[in-house]
Amino acid sequence: MKTLDFNLVLIGFMGCGKTTVAEHLCKALQMECVEMDEEIAGREGMSIPQIFEQHGEEYFRDLETSLLTELQKKKNLVISCGGGAPLRSENVREMKKNGKVIWLTASPETICERVKGDHSRPLLEGRKSAEAIAKLMESRREKYENAADIRIVTDQKTAEQITEEILEILSC
Ligand code: S3P
């Protein structure tokens, strides 16, 4: 397996499989995995819903920006971003400093199916229908598109298949 001289940055809507695929990529490429939500929650000592509730979304977004900035100084990372990370253009600039940005996509129906029993994502509470998800997804599409170097459709694929597809594109 090839050693990459850039970081891999996974972006995409909530529930598109970033965390799981990042873990697979890390194993395959012997890279270090950083799950941004997990890292932020660990540092703050509270869950993502608690951060949103106690401090608000802007505070969380600032934490994302400073973590992303910090991570660009490191090498050999697979970074699984929170779904909203590409919404700020300064975040995208940071991702691209020494990272290849991989956008995972899935249809609103697939996302809805994957997140229906989950309550860890404040922005999806009260929005667990394919229609509501499609609306939020559409409002973000351009940001994801502009940030992405590589786009992978994940519908009806296993994490292993998605990982294989990425490794092939990267010629690993
Ligand atoms: C968010 C996505 C979440 C988390 C937060 C906000 C978003 O991460 O960062 O709830 O705005 O899309 P995942 O994409 O890992 O679920």
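Observations
- Looking only at residues of segment 74-94 that are more than 13 Å from the chain's Cα centre (by Cα) and under 21 Å from PHE52 (Cβ atoms), we find that the one that is nearest to the ligand (Cβ to nearest atom) is ARG88.
- For segment 50-69, the condition of being surrounded by 20 or more Cβ atoms within 10 Å (Cβ to Cβ), over 22 Å from SER89 (Cα atoms) and at pLDDT 95 or above holds for at least one residue.
- When segment 96-110 is filtered for residues that are closer than 16 Å to VAL21 by Cβ and in a helix (DSSP H, G or I), only THR110 remains.
- Residue count for segment 1-17, restricted to those that are assigned to a loop (DSSP other than H, G, I, E, B), within 14 Å of the chain's Cα centre (by Cα) and closer than 23 Å to ARG93 by Cβ: 4.
- Of all the criteria given as (1) without any contact (Cβ under 8 Å) to a residue 40 or more places away in the chain; (2) in a strand (DSSP E or B), the one not satisfied by VAL78 is (1).
- Filter result for the condition that a residue is away from the ligand (no atom under 12 Å from the Cβ), closer than 15 Å to GLU35 by Cβ and hydrophobic (A, V, I, L, M, F, W, C), over LEU104, LEU71, LEU63, LEU67: LEU71
Okay, residues lined up against (1) part of a helix (DSSP H, G or I); (2) surrounded by 13 or more Cβ atoms within 10 Å (Cβ to Cβ):
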site: VAL92; (1), (2): yes, yes
site: GLY117; (1), (2): no, no
site: ARG127; (1), (2): no, yes
site: ALA134; (1), (2): yes, yes
site: GLU138; (1), (2): yes, no
site: TYR144; (1), (2): yes, yes
site: ILE152; (1), (2): no, yes
site: ILE162; (1), (2): yes, yes
site: GLU168; (1), (2): yes, no
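- Of the residues in segment 22-29, none is near the ligand (Cβ under 9 Å from one of its atoms) and either in contact (Cβ under 8 Å) with a residue 12 or more places away in the chain or polar (S, T, N, Q) (or both).
The values are calculated or read from the model by the stated rules, or taken from the named source; none is laboratory data. What you see is a predicted model; the values in this text were computed from it and never measured. Ideal geometry is used to build each Cβ from the backbone, glycine not excepted, and the neighbour counts take in all protein chains shown.
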